[in-house]
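Have a look at the structure below before the remarks.
No value in this document is a laboratory result; all are computed from the given coordinates. Predicted model, so just to flag it, every value in this text is computed and none were measured. Cβ sites come from the backbone with ideal geometry, for glycine too, and all protein chains shown count toward neighbours.
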Amino acid sequence: MEALLSLRDEIRTYSGLFSRSLLLASATAIFMFSLAGFPPTAGFFAKYYAFAAAVQAGHTELAIIGVLTSVVSLVYYLRVVVVMFMQPAPASETVVRPPWSSQLAMAASVAGTFVVGIVPWFYNLAVQAVQSVFHY
């Protein structure tokens, strides 16, 4: 657990995370792909609906800027994934085994990321929920 707390926000600290903790590296990669907007993740549909709403509202230039910034962010997200999976772990690092509660939370989050991405009708459920709360 101490190794988890020692991670900083520098990309190099993720070197070799794949060899130290397959679970953490895999979950982090899936979340990075979702943030980048890869299908079939929740991030893809979030970006799709945001850009579609901008175009429908007549702000095509805003959607284009959004797509361009997504492409730029892709470089950062993939860089982190490459460091986790392709660079060797420092010799002093130990294997990381998160507690079972953290493993359960990660598994649920990964499943949710894919379920929302695979079944976009969750969006319709969310819209109906918001409409019922605000009586649209």
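Annotations
- 0 to 90° range, to nearest 10: angle between helix 22-36 axis and the chain longest Cα axis: 30 degrees
- Alpha-carbon centroid distance for the pair region 26-64 / region 71-129, whole angstrom: 16 Å
- Share of alpha-carbon pairs per 5 Å distance bin for region 66-130, given as whole %: 3, 12, 9, 13, 21, 18, 11, 7, 3, 2, 0
- The angle between the Cα long axis of helix 42-56 and the main principal axis of the chain comes to about 30°, on a 0 to 90 degree scale.
- Sorting the segments 117-128, 30-41, 11-22 by their residues' average number of neighbouring beta-carbon atoms within 10 angstrom, most packed first, yields 30-41, 11-22, 117-128.
- Note on the chain: along the principal axes its Cα atoms extend 56, 33, 22 Å, ordered by decreasing extent.
- Folded to 0 to 90 degrees: helix 100-118 orientation relative to the chain principal axis, Cα: 40 degrees
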